[in-house]
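Step one of this worksheet: look at the structure below.
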Amino acid sequence: MTTTTTSAPVHAPATVLPTMLPLTLPAGYEVPAAFREAAGRAWKTASAKVGGLISRHPDRFPLYTEEGKWVVDGEAWTNWCEGFLGGQLWMLSRRADDADRGRFRGAAEHYSELIEERKSDDTVHDLGFLFWSTYRRWFEATGDTTKRDVVVEAGRTTASRYRDAGRYMPSFRQPDSLFIDIMMNIHMALYAAQQTGDQDMARKAVDHCLTTRRFLMRGDGSASHEGMFDLETGAFLKQTTQQGFSDDGSWARGQAWALYGFGTVYRFTGERRFLETAIAAADFYIEKTGDRLVPPNDWEEPAPVRPYESSAAAAAAGGMWQLAGLVHDRTKAQVYADYAVDILCRLADGDFLASPDEEWEGVLKHGSYHEGKDLGVDESVMWGDYWFLDTVDQIQQFDEAQRSR
């Protein structure tokens, strides 16, 4: 664990690209036929489970299941998951059977509207989880700039949490706390800066990413969950964890946040240091997980009682797929693309993917919310279902485009 008191680094001027860097897979890359079968099973299950949730619990946003049943009024560590249900509904409005698409489209708009007021919630660090998955999809589906404006406002709110002392946006927990999770939300500020031309907002967002890279990422590519700072001076104090096995452990979902988040920030900025960090995080994940594909909650926990944390695998698959479209080394790109597909095919097996007609109410089994608090452990979790479907959708879009040529 890092314990040295260190001053925040001096960062270079920040820039945001006019548009995000596109994803370009290696020429001739083909998605295996087995993936198409897995995708079909995924959407069939999702239609049944998400449709059942909004029928049984209208206007509610559960985070996790208990014994396979969605917990509607259960304990929550923080308020960060409302966007994932709406995001799944937006995907189902395109992927469900023709008879169900209209119903899912109406529900997608409704569940997005239910959370719009959160765009100015400056008490949390998670607005990307809420609005990138909902209002960004709404804007892309319609071109309605009022929906984009909601995303921009949420990005401004994200940037408003910036602390000059330390150069970071703190976690919801307390102002001296920096979470790796914020790397999956910081792009909201970059998007807002891109859309408005606000260079100070861009500076704050890039500052945060560089601070996270400097103090939460380790030399072997692993990520610390949390870093603590001196509130007065901004000096870095130590690495800690709220959800991993130990302060110097490797929490798998946090590793996925780093892998995916730094790759996304590279797409907004073109800053190669962020790409290099995403590559290191991906290589660490692959080295630690190998052919198992799905990690435990923390790789450093000896003989974990629960061998799988499927939501970490689902998010990591999305990060791997994105990275495959960004790296220039064809061999590495092939490795990341294949690994992403392999993860999804594994998650679409019967021991992870619920069947449409069984009583289990979530899509993906063996996920975990918070092992330390014993919340949603070895269950379905809303973000696991979301990233599983989101990555399936992304790869499917690529496959469909290739096959239509």
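The values are calculated or read from the model by the stated rules, or taken from the named source; none is laboratory data. All values derive from a computational prediction rather than experimental measurement. Cβ atoms come from the backbone with ideal geometry, glycine included; neighbour counts cover every protein chain shown. Surface accessibility is based on the protein's heavy atoms, side chains included, excluding ligands, DNA and RNA. Shrake-Rupley method; radii C 1.70, N 1.55, O 1.52, S 1.80 Å.
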message: For segment 13-52, give me each residue that is in a helix (DSSP H, G or I), hydrophobic (A, V, I, L, M, F, W, C) and within 22 Å of the chain's Cα centre (by Cα).
response: 35, 38, 39, 42, 43, 46, 50
- line: Residues of segment 183-215 being closer than 14 Å to residue 127 by Cβ, touching a residue at least 60 places away in the same chain (Cβ under 8 Å) and not in a loop (DSSP other than H, G, I, E, B), in sequence order, are 183, 184, 187, 188, 190, 191, 205
- request: Scan segment 339-359 and give yes if some residue there is assigned to a loop (DSSP other than H, G, I, E, B), farther than 12 Å from residue 252 by Cβ and within 18 Å of the chain's Cα centre (by Cα), otherwise no.
  value: no
message: I'd like to verify a number: residues in segment 372-393 that are open to solvent by 50 Å² or more (accessible area, probe 1.4 Å) and either at pLDDT below 95 or under 19 Å from residue 85 (Cβ atoms) (or both), how many?
response: 3
- prompt: Just checking, which of 163, 173, 101, 167 is open to solvent by 30 Å² or more (accessible area, probe 1.4 Å) and at positive phi?
  reply: 167
Test for residue 302: is it open to solvent by less than 60 Å² (accessible area, probe 1.4 Å) and not in a helix (DSSP H, G or I): no
query: In this structure, does residue 368 turn out to be modelled with pLDDT of 95 or more, at negative phi and surrounded by 24 or more Cβ atoms within 10 Å (Cβ to Cβ)?
result: yes
message: I'm trying to understand the selection: among the residues of segment 249-288, which are in a loop (DSSP other than H, G, I, E, B), of a type outside the set (S, T, N, Q) and either at pLDDT below 95 or open to solvent by less than 10 Å² (accessible area, probe 1.4 Å) (or both)?
response: 249
query: Is it the case that some residue within segment 51-69 is under 25 Å from residue 353 (Cα atoms), of a type in the set (Val, Ile, Thr) and touching a strand residue (DSSP E or B) at 6+ places or on another chain (Cβ under 7 Å)?
result: yes
statement: By residue number, the members of segment 290-299 that are outside any strand (DSSP E or B) and either in contact (Cβ under 8 Å) with a residue 24 or more places away in the chain or under 15 Å from the mean Cα position of the chain (by Cα) (or both) are 293, 294, 295, 296, 297, 299
message: Given the condition free of Cβ contacts under 8 Å to residues at least 40 places away in the same chain and either of a type outside the set (Asp, Glu) or in a helix (DSSP H, G or I) (or both), answer yes or no: does some residue in segment 370-385 qualify?
response: no
task: Might you check whether a residue that is open to solvent by 10 Å² or more (accessible area, probe 1.4 Å), hydroxyl-bearing (Ser, Thr, Tyr) and free of Cβ contacts under 8 Å to residues at least 40 places away in the same chain occurs anywhere in segment 344-355?
output: no
